[in-house]
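Working notes, beginning with the structure itself.
The values are calculated or read from the model by the stated rules, or taken from the named source; none is laboratory data. What you see is a predicted model; the values in this text were computed from it and never measured. As a convention, Cβ positions derive from the backbone with ideal geometry for all residues, glycine included, and neighbour counts pool all protein chains shown. We work out accessible area using only protein heavy atoms, side chains counted, and drop any ligands, DNA or RNA first. Shrake-Rupley method; radii C 1.70, N 1.55, O 1.52, S 1.80 Å.
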Amino acid sequence: MMGDMPNERLRPIERRVLALKEEGVPDSEIARRFRRGPRFIEQVEELAALDGRDAKRRRRRDGSLRPVERRILTLRERGVSTDELAERFRRSPDFVARVERLARYKLRRAARR
């Protein structure tokens, strides 16, 4: 079924599941090997066949921020202190400061390109 699709766009688990299916291994055996249920194996096959989902495209581009980085920057720009954010995110103030520094670094680096 999937022999005509390029494998490089698939994630490793999808490539392995599809290879096993092409070898004729039953879904129940593949599920056992991955310690999942047969429905999971069916879903992997279905999702691997969808258009528009490409493992390589989903990788983060330089400068793209994670949700926590965006949120921390937004709140810091509104004047929320690192201590308040640390309490809100249930992390240390050092963690919040590191995330903020990394996010600002990513934005500066992306702006240079």
Full extension between ALA49 and LEU102 adds, at 0.36 nm per residue less the Cα distance, a length in nm of 15.5 nm
Expressed in square angstrom to the nearest 10, the accessible area of VAL44 with a 1.4 Å probe stands at 10
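Using 1/(1 + (r/R0)^6) with R0 = 41 angstrom and r between the beta carbons of ALA110 and PHE40, what's the FRET efficiency to the nearest 0.05?
Numbers: r = 37 Å, r/R0 = 0.90.
The pair ALA110/PHE40 has a calculated efficiency of 0.65.
Residue separation times 0.36 nm, minus the C-alpha to C-alpha distance between ARG16 and GLU29: what's the value?
Working: separation 13, 0.36 × 13 = 4.68 nm, distance 1.30 nm.
Result: 3.4 nm gained on full extension.
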Among region 79-104, those whose backbone N falls under 18 Å of a label point 7 Å along Cα→Cβ from VAL68 are 81-104
